[in-house]
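Working notes, beginning with the structure itself.
What follows is calculated from the coordinates using simple rules that are stated; it is not laboratory data. As the structure is a prediction and not an experimental result, all values here were calculated from the model. Neighbour counts are summed over all protein chains in view; Cβ atoms, including those assigned to glycine, are modelled from backbone coordinates with ideal geometry.
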Amino acid sequence: MSRSASPSPKMPTGYRLVRLDSVDSTSSEARRRADMGEPGPLWVWSARQSKGRGRIGREWTSQFGNLFASLLIRLNCPIQTASELGLVAGIIAYETIAKLIAYEGRSELLLKWPNDVLLAEEKIAGTLLENVGTPNNNGSVVVIGTGINLASHPEKLPQPAISLDAYGLTVSPGDALEALAETTHEWLQQWGEGATFPTIRRAWLDRAGPVGRPLIVRLNDEELRGAYAGLDPEGALRLKTDEGERLITAGDVFFASQ
């Protein structure tokens, strides 16, 4: 792991930034710093990752020129409430991409449960929420990891991917991080540690498209097929199947052919 000496993006007031040239994973580094007593809020940003992680332990392909950054925050709410950040993180990634695209492509942005961002049906950003500590019953320590395909995108994934470069847009990781940090601060303030979750839920739904879209949901021991039916009041995915409605709280979600 090595530290970069080049200029850093501007962070919102109260946030600090650690910028690295290379690390195994920005989220792993944030966790290590939390274990050593780092109070946060702290952004960990690296030009390269050797062991980037996605959801369910999946590898996150970390190609140079893309954005890999993780935010370590300590919250004054229990971990059950902190889990609402799964939806908040999706909105943040969506709004960050919306700020970065310089054309009327916002209408082609779509949130896929819980927090993947698609541009014209292809994945351009993803987030990973991890609980890294529970100092007391009323507090929690969380890392929000975000990856954005700026310069390139991986091939041969279950969900097709795309990058901003493929649309002719050149965005540096530093500029993307500055937009991400600003957007994160805005939405964390709006979330208010769970005080306005119904508003967050509505904001997520507004960015996820209409109900009725065919979905495939892969769980540990089964694969479900059905139609997107929105979210329940706690933010779980509602899947309408032939056997009735299922609530999905964890799993891989894919858009099926119409």
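Debye-formula intensities of the chain, expressed as log10 I(q)/I(0) at q = 0.07, 0.12, 0.15, 0.17 Å⁻¹, are -0.22, -0.69, -1.10, -1.42 (one equal scatterer per alpha-carbon, no solvent). Amide H contacts of Ala208: Leu111, each under 5 Å away and 5 or more positions distant or on a separate chain (H built 1.01 Å from N in the peptide plane; Pro and chain starts excluded). In the frame of its principal axes, the stretch 67-118 has Cα extents of 40, 20, 15 Å, reported largest first. Only DSSP H runs of four or more residues enter the estimate; each adds -39500 (n - 2.57), and after division by the residues of the chain the mean residue ellipticity at 222 nm equals -7000 deg cm²/dmol.
Efficiency by 1/(1 + (r/R0)^6): what FRET value for Ser8 and Asp35, r their Cβ-Cβ distance, R0 = 30 Å, to the nearest 0.05? Please list the in-between numbers first.
Details: r = 24 Å, r/R0 = 0.80.
Plugging the Cβ-Cβ distance into 1/(1 + (r/R0)^6) gives 0.80.
Our coupling estimate for the stretch 218-226, obtained by passing each phi through the Karplus curve with A = 6.51, B = -1.76, C = 1.60 and θ = phi - 60°, is 9, 9, 4, 10, 7, 10, 10, 10, x Hz, Gly and Pro reported as x. Largest first and in whole Å, the equivalent-ellipsoid semi-axes of the stretch 214-255 read 14, 12, 9, each the square root of five times a Cα gyration tensor eigenvalue.
Check every DSSP H run in the chain and write down those whose alpha carbon atoms cover 24 angstrom or more along the long axis and whose mean Kyte-Doolittle hydropathy is 1.0 or greater. Before the final figure, lay out the partial values.
Working: long enough: 173-191 (26 Å, -0.66).
Passing helices, by number: none.
Amide H to amide H distances under 5 Å link Ala69 with Thr146, where only residues 5 or more positions off or on other chains count and H is placed in the peptide plane. Model label points for Leu224 and Ala256, set 7 angstrom from Cα along the Cα-to-Cβ axis, are 1.2 nm apart.
In nm, what is the difference between 0.36 nm times the number of residues separating Ser172 and Arg213 and their Cα-Cα distance?
So the chain would gain 11.3 nm between Ser172 and Arg213.
Shown in residue order for the stretch 8-14 are the 3J(HN,Hα) couplings computed by the Karplus curve 6.51 cos²θ - 1.76 cosθ + 1.60 at θ = phi - 60°: 10, x, 6, 9, x, 4, x Hz (x for Gly and Pro). Restricting attention to the stretch 2-206, lysine pairs at least eight places apart or on different chains and with alpha-carbon atoms under 26 angstrom apart total 9.
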